[in-house]
């Protein structure tokens, strides 16, 4: 296609066909209109900011705009971190378990963890809290994980290791240190790690051609039990909300998570690492909260109403776990005054399953009086099939929302009732 | 779905033909010939051209000896024990490691050309394949086809153990639920998707597809002929990215393309992947005798050149075919026309509601279930006549038919043949009729049968290095994998390093490492593929929102470049012939709010285009360097388009019934153009001796531009709006328009009228055809190369038009009475075209007679 190349050359006003091999950037000042100029003429490229302003006629050298030479030693000192390898820092802290996080204990709670994840390994030595900070939320292969925080229980302390990537070309080493840190882990504890942190780490490991040590581990993602308990009760289930509402921990001067990418980019682009300390602090609080959550969530599941959780959802979870007793207990413990319709129905259903009809009726009747259609249906069935009180059954059936099923029920009941009346007439 | 094909079917082809019509009283061979003879007898003057392609017998080849035994058994279970010659050729080429493109006629068994090597490789070496189709529906069709083959052995007819082949074929598109995606990625042997999904969902997440890419052995691209223009240029870059990702995983897939007939399938495919591609074009499938008629509706008003509607003719032919018991398909160009023709035919054939319908409409906008039911009825032969848009042009399985009627020229020769190919059973004759509308393209085509019948289909062209498109995909590629210093981007001729530096300066990339060994990493918090649509150049399409009845419904999308001329406030915007009025245009929000209207007029924006030549790439002269010269050149131009107002034009009468103002910013664009000029001395002589005034000469240029614009669209395999036209001086000092009085006018830079004699300097009108995309998408260079042919085509179009003084089918609309002027717009345009053709002054006097003689077809329509 030399003709094509020539045409392209002409289109660009070049004297000769363009060289195929790309020249090193800005090796020589270009003679034809620069790419920037051509793009500007075409109405600009699609994205982003205008090209960085620079003095006219002063061709910036490529090196000047490449990654600045960054002094990691200074950064490490400022952050209280050690340099594990070029481009990889690690801050380690050992926090005594005796201290509390908010009003929550830091001790590992194997019973709580096994309650939330029945096949979780029981030994806290193998547990690993994990939380990442990323260059953004866009997803895909262009999103970096620049910080991985890990917390492990070691005797009387919770040991935090926070790996920080300070150079883009050091990612392989960064990931190798991460792999080493989780090599003996058996269980991951995270908050939304299943759909966020782990897929991103998997992508990074793939890109670096490293095996993924995380994907095979048991994983307790605490977002799921939090959602179960509080999705219908709280405006959101962000970790900060969980801390404030459940752990009694209020963050002070916290760097919002959304600003973490900018803090990292400021370091990468300009060597400005001032806000990376705040990112480390933010990440550490995340780790502590996740570490404290299982025990508190176990309490929530045992007694949801004490924490303002949704008893119906928790009861269903107990049911699915095969513990109808606890399900009934959870629902029964709720104050009838604040028990919602869903919880009342579930409790009535549980009573019915246990053939405790008076208890079930005691729940359905007030619901029906309040106009609840499902209660009318339950009562219509109960009176037609079990109590054999066709009149009452019909009375409830008539209150059902119009539809083919309701019509059929009413028709059948009317017919049965007529037959019963004829029979009783015939008997006279 | 039945796994076993009917015994009568052709197993070489994915799609068995329908059972013969049960009510047949004569063999359909004779009935097709009867219909043809009847049409020829009764309507001879309307038939402007005829073509008969003789029947061709099948040429077979053995199944390859190396074929996996279970695949062989499955094929045998479906009745296939040998291949057509081209299917075997495709197999051999692929086994030799060549990329191939199979370009054989419709229903020649193209699908097996790619399924055979792919399925064999899946069975023998756990290879994986990616199939790309332009639409979701086609991918779903293909899944059904693969699963039928997969289950062929379950029928028990073969000696297999009643197992499936175990091949997992999944579609992956916008409808694939999130929880199914993982299974598609990790377990699919064959993933069927489309270029847009590859671009936006697969490549940016390639790590999730790592297993798939590691084993990717084949990329199958069906309907290759659609990958042209802007879309094709984008897809070429998507393939550059795909190949980069494949290289990362150590895969080097073989590409297998399937294409309808175009002039340059191998060239197009090679441009798409930047590597040589072998064409397999010699079909071994049998073909019945094929007849084609070009049909021009009769003239009913010779002065205005008004003809009977194409719709009336189409309906008549379809009616005759249906009455003969011939299965037929009607292609219409709009959904509305589909509905209208369907109604007219149903009024004849489906009057009894108790009988199953014989006529079926098929178009986009129907629910998928409705379309499926229609397809099934067609395959089963329960329907006699189907009326469709281009929706059935693609490879949707409807079985084969006897007659195809095209209501209007589809715009390209390739698309025409593809639609005509819907008719034609093996070993039986079939008939195609192309009915011309009054559009210039149609009229040109039908009056110059040699153009259509004699020339090969168009070249499909792409321009992958179009700078804006290229930048978009370099950005996406940098997101997917870091670039290394010195790394190229496919066969891209641009300096990749310079582009990366640009992206770094935008803050999207960061480079690390020593000189020559550095890497360019993506560091921005964005997902660039989401900002890039494969179907356009500039971003920011406008959406048209219908606010009728208090609701807000998006009814259409308008390209950024087309918006100022179509959705200005007050404009009548048509969707499927339903008029809407634009109430409000939100320019920055890219929204046009419209309401339904019953207006009896349409609107036509008045736009003034100023062109300034920035750089001339090449120039050619006609006439040997004398003062008789006409020159043609191409190069880069700067274009300013202004829309000061619009005209309201009443339907049918085309009276101008009012004006409105348009308040929009000027549109500026850099693009490429081809332009024609006359030597000033020649023009001055022509003005003195032929035109009488500069204004008349300018009118001639405007008419010539109109004709050239349309024939150029024909040559460039482009739509008319892909090109723009203008007449001016090339310096931006003046430009020409047709005034409200129908006369040519010259306007100055601010649109003020200027008198031709006052124009400063030389009077050198320049006729431009420009590429209507920012930066150009490569349309102008081929037009420059074909400039002489274009002028000859335009001359033939105008001279051969049946009108008296000019009409929308040749030089553009004229005002009533213009045909009686001393010099009609048509004569003026012919004079200019003659000069541009290099005929010099000598050509002017004898222009008409000579041209008419040269191009007169053997059977002039309605002569």
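Some observations on this one:
- Here the spin labels are modelled as points 7 Å beyond Cα on the Cα-Cβ line, and at residue A:333 and residue A:373 they lie 3.4 nm apart.
- Bridge type composition, the stretch B:60-280 - antiparallel percent by DSSP, nearest 5: 10
- Placing a label point 7 Å from the Cα of residue A:92 along the Cα-to-Cβ direction, the residues of the stretch A:152-170 whose backbone N falls under 18 Å from that point are A:152-165.
- Equivalent ellipsoid dimensions for the stretch A:222-283 as semi-axes, Å, which come from the Cα gyration tensor, largest first: 30, 12, 8
- Compactness of the stretch B:213-270 is given as radius of gyration and Dmax, 12.1, 35 Å, from Cα positions.
- Cα centroid separation, the stretch B:219-295 to the stretch B:56-115 (Å): 18
- Computed from the C-beta positions of residue B:37 and residue B:58, the FRET efficiency with R₀ = 25 Å rounds to 0.35.
- Sorted largest first, the spans of the alpha carbon positions of the stretch B:157-221 along the three principal axes are 45, 25, 21 Å.
- Overall form of chain B per C-alpha gyration tensor (a/c, 1.5; a/b vs b/c): oblate
- Dividing the summed helix terms, -39500 (n - 2.57) for each DSSP H run of n ≥ 4, by the number of residues in the protein assembly as shown produces a 222 nm estimate of -11000 deg cm²/dmol to the nearest 500.
- Fraction of the pair-distance distribution of the protein assembly as shown above 43 Å, Cα-Cα pairs, percent: 57
- What separates the Cα centres of the stretch A:281-344 and the stretch B:396-439 is a distance of 67 Å.
- Förster-model FRET efficiency, 60 Å R0, residue A:73 and residue B:163, C-beta, rounded to 0.05: 0.40
- Whole-percent pair-distance distribution, where bins are 10 Å wide, for the alpha carbons of the stretch B:425-555: 9, 24, 18, 17, 18, 12, 3, 0
- The residue B:66 and residue B:187 beta-carbon pair, evaluated with R₀ = 41 Å, returns a calculated FRET efficiency of approximately 0.95.
- Taken as Cα centroids, the stretch B:563-613 and the stretch A:207-225 sit 54 Å apart, rounded to the nearest whole angstrom.
- Against chain B, whose longest principal axis is taken from its Cα atoms, helix B:28-42 shows a tilt of about 10°.
- Estimated inter-spin distance, residue A:159 and residue A:195, nm [label 7 Å along Cα→Cβ]: 3.4
- Label-zone membership for the stretch B:399-439, site residue B:30, 7 angstrom Cα→C-beta point, backbone N under 16 Å: B:429
- Chain B: angle of helix B:229-248 to the longest principal axis, Cα-based, in degrees nearest 10: 40
- Remark: relative contact order (the stretch B:257-399) = 19 percent; criterion is Cα-Cα distance under 8 angstrom and separation of 6 or more residues.
- The length gained by stretching the chain between residue A:252 and residue A:341 to full extension, at 0.36 nm per residue less their Cα-Cα distance, is 28.1 nm.
- Hull shadow area, averaged, the stretch B:60-280 [alpha-carbon convex hull, nm²]: 11.6
- Counting only DSSP beta bridges with both residues in the protein assembly as shown, the antiparallel share comes to about 65 percent.
- Compactness index (Cα Rg / 2.2 N^0.38 Å), the stretch A:72-302: 0.97
- On Cα atoms only, tilt of B:335-349 relative to the major axis of chain B in degrees: 70
- Cα-based shape type of the stretch B:467-531, given that a ≥ b ≥ c are square roots of the gyration tensor eigenvalues and the cut on a/c is 1.5: oblate
- Base-10 log of normalised Debye intensity for the stretch A:310-427 (one unit scatterer per alpha-carbon) at q = 0.17, 0.22, 0.24 Å⁻¹: -0.84, -1.14, -1.25
- Based on alpha carbons, the Rg and Dmax found for the stretch A:192-232 are 13.0, 42 Å.
- With both labels modelled 7 Å from their Cα along Cα-to-Cβ, the residue B:650 to residue B:180 distance reads 5.6 nm.
- Gain upon complete extension [residue B:620, residue B:301; 0.36 nm per residue less C-alpha separation]: 110.7 nm
- Net length gained if the chain between residue B:597 and residue B:427 were fully extended (0.36 nm per residue, minus Cα distance): 56.0 nm
- Its residues counted as N, the stretch A:237-326 yields a C-alpha radius of gyration over 2.2 N^0.38 Å of 1.51.
Just so you know, all these numbers are worked out from the coordinates, no wet-lab data involved. Computed from a predicted model, the values in this text were never measured in an experiment. Note that we place each Cβ from the backbone using ideal geometry, even for glycine, and neighbour counts take in every protein chain shown.
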